[in-house]
Amino acid sequence: MVRRKSSLLDVLQKQHAVFALRDQDKKRRTDVLIVVLDGLSESEREVLLGMSAVVMEIHDDLIEKIAELKKENRQLRSLTLTDGLTGLYNTRFFVMQLEIEMARTKRTGQPSSLLMLDLDNFKFLNDTLGHVQGNRYLVKVAHIIRDSLRPTDIVCRYGGDEFAVIMPATDLYDAVRTANRLREAIPAVHLKNGLYMSASIGVAEYAASSSAGPEEFVHISDMALYKAKKGGKNKVFYQGQTEKPVHIDYVTPEEKDSLWEAKEKE
Amino acid sequence: MDSNKTRVASVSSGKGGVGKTFVTISLAASFARKGERVLAVDCDLGLANMDIMLGINPKNTLKDIVFGALPVKEAIVHTKAGFDLIPGSSGIKELAHPMYEKIQDIKAVLEPVFFDYDHVLLDTGAGISEMVLQFNLMADLSIVVINRELTSLTDAYALIKVMYQVFGREFFGVVVNSASDPRDAQKIFNQLSATCKKFLGFSLTYLGHITRDEAVPRSILSREVLVLREPESAVALNCTSIVDALNVCEIQ
């Protein structure tokens, strides 16, 4: 009987006929089942009544309306362009907007730039302080990025701890300057074992003469980001930067203490 | 002075607004007062301002040399302060953030005229960009200008550290700008030098200080060279002793 019940339900669900309303938590027994269906035969009706509280028969057009609503809902969901946690644009929007900006560059001749920003040692923060703290930090960083840039810059959450910024009508020089400012604006959080949370940024420019497609554009800035990471983290690297990635430690907190020691005593 | 004894010094600060350009102009004028042939190059190509500080409106700049194939000598301005200047150019983005190869071109174009001078001072931009590092590298001596602000100390240290880690440079001369008194200046210098000794393994060379004086911002506003207008002022005397210190450490 149980088997029959579930198989019938499966069939009905596949036909999008059952909109109600089993408990999502499968562990709990379903108390109320409402079946909405049209064109039931007497025997089908009886079976359904045996396992549900109400069987409603309705007209075709209502079913169609509900089906339409469901479809619309799906479309609306797909139109959601922001990231739930940070409120920044999501990857879907990023992909759409990148193509728009590249087309604009082709049309106007003004270059656009792309920053890829990745948090250094974020995984370590997540592992040691937990995901709640991790998420809190992500939100904080997201706000800093958004507030540090111009309203025309498009800030997207690109993945877990990766962010992408599309900078319309911005050349590589300005983008690198902005990237450096951004890197400095993100507060270094001291984790354990001398590890610091900071940001690495890769920068690329799309010029009107470029033949690269969107994927390649993203790839180029990703490569720059990779170099920034490899070059010692907490760095900005740009496309075409020719010198070998060298390990540069920025001023460490210990060095700062030493520099500032006497001044603070004053 | 013998032409093969040209001394090239870069003037950097890491942080902007520390007085790098003021120091460059003052030192260039002080060298000139001693009768030495001096060339100052404004390498701050993103936001060049040496010409503004000197009240010059140059026809040609470094940009025309690099991009317009102008002979270097045609961009040289003979200033009233007694030294020659190659002006930089503001807002030229290709120059403000040039790629490595372009920087090498700039160096190659500039170098031949250096031999006409006893001293060359390269006013680099702020920050620690490739451009700043390369001009530091081009110089025999890196002069680092600091003041009493913690951010100035930190950025100067970052510059020194990068020059050391990337190019192995261990010799830096320090000028403390807008110091309240010599003891204060020495203290600020000691802090930076001790930190370099502790973490990088070498000390810095103290070149001297420039006293804080309200006449400095006034002179900048009126576009006059203070060390020439008031040669007996504390600032002018400070600059003379820095120039003497430079001559000493350049001989070494």
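Remarks
- Of B:T195, A:T80, the sequence from fewest to most neighbouring Cβ atoms within 10 angstrom is A:T80, B:T195.
- Full extension of the chain segment joining A:E184 with A:T82 gains 34.2 nm, where the gain is 0.36 nm per residue of separation less the Cα-Cα distance.
- For segment B:105-146, the gyration tensor built on C-alpha atoms gives an oblate shape. Its axis ratio a/c (a ≥ b ≥ c) is at least 1.5, and a/b is not larger than b/c.
- Between B:L221 and B:D181, the C-beta separation translates, for a Förster distance of 35 Å, into a calculated FRET efficiency of about 0.90.
- Cα gyration tensor shape for segment A:143-237, rounded if a/c is under 1.5, else prolate or oblate: prolate
- Peptide B:165-176 is shielded by partner chain Cβ atoms: per residue, an average of 1 of them sit within 10 Å of its Cβ.
- Hydrophobic long helices, here whole DSSP H runs in chain B with Kyte-Doolittle means of at least 0.5 and Cα atoms spread over 15 Å or more along the helix axis, are found at B:20-33, B:150-167, B:234-251.
- Mean-square fluctuations from a GNM of chain B, with a 10 angstrom spring cutoff on Cα atoms, peak among B:V175, B:V11, B:V162 at B:V162.
- Applying 0.36 nm per residue to the separation of B:N57 and B:D116 and subtracting their alpha-carbon distance, the gain on full extension is 18.9 nm.
- Taking chain B and dividing mean pair separation by its residue count, relative contact order in percent (alpha carbons under 8 Å, at least six apart): 27 percent
- Remark: mean inter-chain Cβ contacts per residue of B:153-164 equal 3, using a 10 Å Cβ-Cβ cutoff to other protein chain atoms.
- Per-residue average of Cβ from other chains inside 10 Å of A:225-233: 0
- Residues A:E261, B:E232 in ascending order of nearby Cβ atoms (within 10 Å, fewest first): B:E232, A:E261.
- GNM top mover of B:R37, B:R148, B:R229 - chain B, alpha-carbon springs below 10 Å: B:R229
- When the Cα gyration tensor is reduced to axis lengths a ≥ b ≥ c, the ratio a/c is 1.5 or higher for segment B:7-247, and with a/b not above b/c it is classed as oblate.
- Taking each of A:K235/A:K256; B:K20/B:K197; A:K123/B:K161; B:K5/B:K34; A:K229/B:K198; A:K227/B:K197 in turn, the alpha-carbon distance tops 20 angstrom for B:K20/B:K197; A:K123/B:K161; A:K229/B:K198; A:K227/B:K197.
- Residue order, fewest to most beta carbons within 10 Å, for A:V165, A:V132: A:V132, A:V165
- Å³ per residue enclosed by the Cα convex hull of segment A:171-210: 59 Å³
Taken together, the values in this text are just the output of simple stated rules run on the coordinates, not laboratory data. It should be emphasised that the depicted structure is a prediction, and the values quoted were computed from it without experimental measurement. Ideal geometry is used to build each Cβ from the backbone, glycine not excepted, and the neighbour counts take in all protein chains shown.
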